[in-house]
Amino acid sequence: DSTTFAVRVAPLGSTGLVLVLAEDQTERRRVEAVRRDFVANVSHELKTPVGALSLLAETVEGASDDPEAVRRFAGRMQHEATRLTSVIQDLITLSRIQGAEPMAEPALVEVDSVIAEALDANQLVADAKDIELVSGGEPDVVVLGDERLLVTAVRNLVANAVAYSPDGTRVVVAVETSDGLASITVTDQGIGIPPGDLERIFERFYRVDAARSRSTGGTGLGLAIVKHVATHHRGEVAVWSQEGAGSTFTLKVPLPDPKERDSSGITTTL
Ligand code: ADP
């Protein structure tokens, strides 16, 4: 990687002296490249379903005398519309968290109800694959955070666990506490992630297998959202995985410490 400098020269009044400013451009260029990639990816992810929709609309027009074909094309249009909605929804979520002040409005959140809601949202898809969703771990754990965002993060992790697992397996969501942190783990018996991809899966739109991700309705933004939710809570997310055996994602969120609880004005009888 080469380093680039932008040099600016400015005369200092009538002193005859000049001011030379050298500014490191490397970081600015990197940020610019990431932004350009992101915009290109967003355009692609939006254009694909829109293109498919207009093609299907044309086709359905030509098939108006064949009710069975019309029904089939209408189903595919529904599918593309759903996909478009997911991408837009994930983009809105991502831009909301990215722009938000970390822990702007912290509240006490019961982890059990976060997990219950996240499992509930995935129950139908899990049932269709005969995948058992199980919750466990310490009861009555409370964290300081944003309930809606935590549900979104755990829901995304469970959705992935279900999507990347074979039929008839089990997904376990559990919570443990230690060292001032609550660790929420989502463990599956799925396909696993190759070691070379592990570092990149939290990037926006990064997919190990794009075809597989799309066929299960993935937007490529799920883990980027999880990572931002973790950062927003001043926590972190970690992954352990073995190809062919399964994966465990751990979302770590700080437990409310007594001092913080006082200063945030929240009182509780824990
Ligand atoms: P996607 O919408 O494609 O699932 P994510 O950001 O949620 O996007 O995940 C990025 C990629 O990481 C996925 O495309 C998939 O290849 C991989 N991945 C995520 N979770 C799992 C998992 N539990 N098991 C195997 N692979 C996973």
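The values are calculated or read from the model by the stated rules, or taken from the named source; none is laboratory data. Owing to the predicted nature of the structure, the values given are computational and were not obtained by experimental measurement. Glycine gets a Cβ as well: all are built from the backbone with ideal geometry, and neighbour counts include every protein chain shown. What goes into the accessible areas is simple: the full protein's heavy atoms, side chains included, and nothing from ligands, DNA or RNA. Shrake-Rupley method; radii C 1.70, N 1.55, O 1.52, S 1.80 Å.
Some notes on this structure:
- Tally, over segment 156-186, of residues that are surrounded by fewer than 22 Cβ atoms within 10 Å (Cβ to Cβ) and either more than 24 Å from Ala211 (Cα to Cα) or among the basic types (Lys, Arg) (or both): 11
- Answer residue from segment 145-155, given it is of a type outside the set (Lys, Arg) and in a helix (DSSP H, G or I) and is surrounded by the most Cβ atoms within 10 Å (Cβ to Cβ) among those: Ala153
- Considering only residues in segment 205-253 that are in a strand (DSSP E or B) and of a type in the set (A, V, I, L, M, F, W, C), the one that is surrounded by the fewest Cβ atoms within 10 Å (Cβ to Cβ) turns out to be Ala238.
- Restricting segment 88-111 to residues that are open to solvent by less than 80 Å² (accessible area, probe 1.4 Å) and part of a loop (DSSP other than H, G, I, E, B) leaves a set whose member that is nearest to Phe38 (Cα to Cα) is Ala100.
- Which numbered condition Val114 misses (of (1) at pLDDT 95 or above; (2) open to solvent by 60 Å² or more (accessible area, probe 1.4 Å); (3) β-branched (Val, Ile, Thr)): (2)
- From Ile191, Ile225, residue being of a type in the set (Val, Ile, Thr), closer than 23 Å to Leu149 by Cβ and within 8 Å of the ligand (Cβ to nearest atom): Ile225
- Pairs linking a residue in segment 234-254 that is over 17 Å from Thr152 (Cβ atoms) and more than 16 Å from the ligand (Cβ to nearest atom) to a residue that is in a strand (DSSP E or B) and open to solvent by 40 Å² or more (accessible area, probe 1.4 Å), with Cβ atoms under 9 Å and 6 or more positions apart or on different chains, are Pro254/Leu181.
- Residue check for Leu124: over 20 Å from the mean Cα position of the chain (by Cα), among the hydrophobic types (A, V, I, L, M, F, W, C) and open to solvent by 60 Å² or more (accessible area, probe 1.4 Å): yes
- Residue check, Ala40 within 26 Å of Gly218 (Cβ to Cβ), free of Cβ contacts under 8 Å to residues at least 40 places away in the same chain, of a type in the set (Gly, Ala, Ser) and surrounded by 12 or more Cβ atoms within 10 Å (Cβ to Cβ): no
- Check on Thr85, among the polar types (S, T, N, Q) and either closer than 30 Å to His233 by Cβ or open to solvent by 90 Å² or more (accessible area, probe 1.4 Å) (or both): yes
- Scan of segment 127-144 for residues that are within 16 Å of the ligand (Cβ to nearest atom), hydrophobic (A, V, I, L, M, F, W, C) and either exposed (fewer than 14 other Cβ atoms within 10 Å of the Cβ) or not in a strand (DSSP E or B) (or both), ordered by number: Ile131, Val134
- Pairs with Cβ under 7 Å, 6+ apart, first in segment 148-176 and on the phi > 0 side of the Ramachandran plot and at pLDDT 95 or above, second more than 11 Å from the ligand (Cβ to nearest atom) and not hydrophobic (A, V, I, L, M, F, W, C): Gly168/Asp130
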